[in-house]
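> Handing you this structure, nothing more for now.
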Amino acid sequence: RSAESGHQLFEFYSEEMYRNMRRLAELECDLFKAVENKEWEVYYQPKVSVDEHRIVGVEALIRWNRNGEAVSPDLFIPLAEKLGLIGHIGQAVMDKAFGFLRLSSMKDRVPIVLSVNLSPYQLMEPDFTQSVIRLTEKHGVNPRRIMFEITESAYMHHFDKAQNAIRQLKELGYTFSLDDFGVGYSSFQYLSRLDFTELKLDKSFVQSLAHNRKNRVIIRSIIGLAKQLGIAIVVEGVETKEQWKTLKTLNCHSYQGYYFSKPLSAEEWINLLAGKFILDTKTLIKI
Ligand code: C2E
Ligand code: MG
Ligand code: MG
Ligand code: MG
């Protein structure tokens, strides 16, 4: 390899690096603006029972429309954590989602549980518990109808601080769910050290069922484990009838996924409850 081609290689990378860094800086700048202008929307995805697709809960999922283009929360949430913006964003999501809970529980006879995703950084903020209480009172909702989903992976380093907030909120009636179970590390540690009401099995398990038969055994044993621990289990990412059928044979209680419904806008959700909405799945399940 000549010195010249080495030089070209360097220039090639540095230009690409420059472009990437610039793109990242622009994204960060827009994220600040989005916080100022509260550019968020919240969508709602039902959690349903496996046996008869009864809606048992709903998960709030943030949506950011950046100049007409949706940015994935998997991309901007970690960025917001890094920039110290996650507290503001989390507040805005809770404000909308608690308002939604209030509204939908007036339309629906059977009360459901609303889940909000939390970043572990939020749990570490000193006034987090207070702000949850304030927003709960503002919307006049029952803490027992509010669940917080925490992803295991990012969580371990901040265990002690977060644990206090969790304990306080649990005493007030809020419940906790362990999200994306099975793909992070030390999953079982969390189960034994914290008092979770629900466990969500990561979508990778159900989605690779067709070509990885071992996953059936894994799902079955995690369902068994959850039952023995008295924790409800939700399987994420169910997209096909075959996957749903498998869950049925495994006596799984509830699931979430495109097979039943994508995340819906608040308006679509109200229509769903009113029976006006035809679900956007190939299956057209009646509820
Ligand atoms: P998550 O909490 O594990 O949410 C599940 C994700 O899977 C959502 O992606 C949902 O739209 C998607 N999903 C649902 N059903 C299916 C399916 O059948 N197939 C497939 N392939 N995907 C499905 P989304 O909305 O893009 O959110 C990604 C992640 O971003 C969430 O993962 C959560 O960790 C985080 N997130 C979303 N909203 C918030 C929020 O308000 N606050 C915080 N801190 N994190 C959030
Ligand atoms: Mg979640
Ligand atoms: Mg999840
Ligand atoms: Mg996830």
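The values are calculated or read from the model by the stated rules, or taken from the named source; none is laboratory data. Here the structure is a predicted model, which means the values were calculated and not measured. Positions of Cβ are generated from backbone atoms using ideal geometry, with glycine treated the same way; all protein chains shown enter the neighbour counts. Heavy atoms of the whole protein, side chains included, go into the accessibility calculation; ligands, DNA and RNA do not. Shrake-Rupley method; radii C 1.70, N 1.55, O 1.52, S 1.80 Å.
> How many residues are within 16 Å of ligand 2 (Cβ to nearest atom) and among the aliphatic types (A, V, I, L, M) if we restrict to the range 40-74?
7
> Between Leu103, Leu123, which is in contact with a helix residue (DSSP H, G or I) (Cβ under 7 Å, 6 or more places away or on another chain) and either open to solvent by less than 10 Å² (accessible area, probe 1.4 Å) or more than 16 Å from ligand 4 (Cβ to nearest atom) (or both)? Spell out how you get there, then give the answer.
Values: Leu103 fails: in contact with a helix residue (DSSP H, G or I) (Cβ under 7 Å, 6 or more places away or on another chain).
Going through Leu103, Leu123 in turn, just one is in contact with a helix residue (DSSP H, G or I) (Cβ under 7 Å, 6 or more places away or on another chain) and either open to solvent by less than 10 Å² (accessible area, probe 1.4 Å) or more than 16 Å from ligand 4 (Cβ to nearest atom) (or both): Leu123.
> Assess whether Val235 counts as being in contact with a Lys or Arg (Cβ under 8 Å, 6 or more places away or on another chain) and aliphatic (A, V, I, L, M). Show your work before the answer.
On the way: in contact with a Lys or Arg (Cβ under 8 Å, 6 or more places away or on another chain): yes; aliphatic (A, V, I, L, M): yes.
Considered against the rule, which asks whether it is in contact with a Lys or Arg (Cβ under 8 Å, 6 or more places away or on another chain) and aliphatic (A, V, I, L, M), Val235 comes out as yes.
> Then there is this: In the range 29-46, what residues are open to solvent by 40 Å² or more (accessible area, probe 1.4 Å) and either away from ligand 1 (no atom under 14 Å from the Cβ) or aliphatic (A, V, I, L, M) (or both)? I'd like the intermediate steps shown before the answer.
Of the residues in the range 29-46, the ones open to solvent by 40 Å² or more (accessible area, probe 1.4 Å) are 29, 32-33, 36-39, 41, 43.
Cys29, Phe32, Lys33, Glu36, Asn37, listed by residue number.
> Can you pull out the residues in the range 47-75 that are among the hydrophobic types (A, V, I, L, M, F, W, C) and either within 14 Å of the chain's Cα centre (by Cα) or open to solvent by 40 Å² or more (accessible area, probe 1.4 Å) (or both)? Give the steps one after another, and end with the answer.
Taking the range 47-75 as the starting set, the residues that turn out to be among the hydrophobic types (A, V, I, L, M, F, W, C) are 48, 50, 55-56, 58, 60-62, 64, 70-71, 75.
If the condition is that a residue be among the hydrophobic types (A, V, I, L, M, F, W, C) and either within 14 Å of the chain's Cα centre (by Cα) or open to solvent by 40 Å² or more (accessible area, probe 1.4 Å) (or both), then Val56, Val58, Ala60, Leu61, Ile62, Ala70, Leu75 are the ones that fit.
> Look through Val234, Val206 and report the one residue that is within 16 Å of ligand 4 (Cβ to nearest atom), closer than 14 Å to Leu178 by Cβ, within 20 Å of the chain's Cα centre (by Cα) and surrounded by 17 or more Cβ atoms within 10 Å (Cβ to Cβ).
Details: Val206 fails: closer than 14 Å to Leu178 by Cβ.
Residue meeting the stated conditions: Val234.
> Considering only the range 210-231, state which residues are over 28 Å from Leu114 (Cα atoms) and crowded, with 18+ Cβ neighbours inside 10 Å. Walk me through it before giving the result.
So the first thing to find is which residues in the range 210-231 are over 28 Å from Leu114 (Cα atoms), and the list is 210-217.
Within the range 210-231, Asn215 is the sole residue that qualifies.
> So, of the residues in the range 41-97 that are of a type in the set (Asp, Glu) and touching a His at 6+ places or on another chain (Cβ under 9 Å), which turns out to be modelled with the lowest pLDDT?
Let us first name the residues in the range 41-97 that are of a type in the set (Asp, Glu), namely 41, 51-52, 59, 69, 74, 81, 95.
Filter once more, so that each one left must be touching a His at 6+ places or on another chain (Cβ under 9 Å): 51, 95.
Numbers: Asp51: 93, Asp95: 98.
By that ranking, first place goes to Asp51.
> Follow-up. So which pairs qualify, if the first residue must be in the range 268-280 and of a type in the set (A, V, I, L, M), the second must be at pLDDT below 50, the Cβ gap must be under 7 Å, and the two must be at least 6 apart or on different chains?
Ile278/Leu284; Leu279/Ile285
> Hey, another quick one. Would you pick out the residues in the range 238-256 that are under 18 Å from the mean Cα position of the chain (by Cα) and open to solvent by 10 Å² or more (accessible area, probe 1.4 Å)?
Selection gives Glu239 alone.
> Looking at the range 78-92, which of its residues are out of contact with any helix residue (DSSP H, G or I) (no Cβ under 7 Å at 6 or more places or on another chain) and within 20 Å of Ser131 (Cα to Cα)?
Gly84, Ala92 - these are the residues of the range 78-92 that are out of contact with any helix residue (DSSP H, G or I) (no Cβ under 7 Å at 6 or more places or on another chain) and within 20 Å of Ser131 (Cα to Cα).
> Kindly establish whether Phe205 is at pLDDT 95 or above and either of a type in the set (Val, Ile, Thr) or within 16 Å of ligand 1 (Cβ to nearest atom) (or both). Steps first, please.
Working: at pLDDT 95 or above: no; either of a type in the set (Val, Ile, Thr) or within 16 Å of ligand 1 (Cβ to nearest atom) (or both): yes.
It is false that Phe205 is at pLDDT 95 or above and either of a type in the set (Val, Ile, Thr) or within 16 Å of ligand 1 (Cβ to nearest atom) (or both).
> Does at least one position in the range 178-194 carry a residue that is at pLDDT below 95, of a type in the set (D, E, K, R) and within 16 Å of ligand 3 (Cβ to nearest atom)? Talk me through it step by step, then tell me what you get.
First, the residues of the range 178-194 that are at pLDDT below 95: 178-194.
Then drop every residue that is not of a type in the set (D, E, K, R), which leaves 179-180, 193.
Subsequent filtering for residues that are within 16 Å of ligand 3 (Cβ to nearest atom) retains 179-180.
Yes, the range 178-194 contains a residue that is at pLDDT below 95, of a type in the set (D, E, K, R) and within 16 Å of ligand 3 (Cβ to nearest atom).
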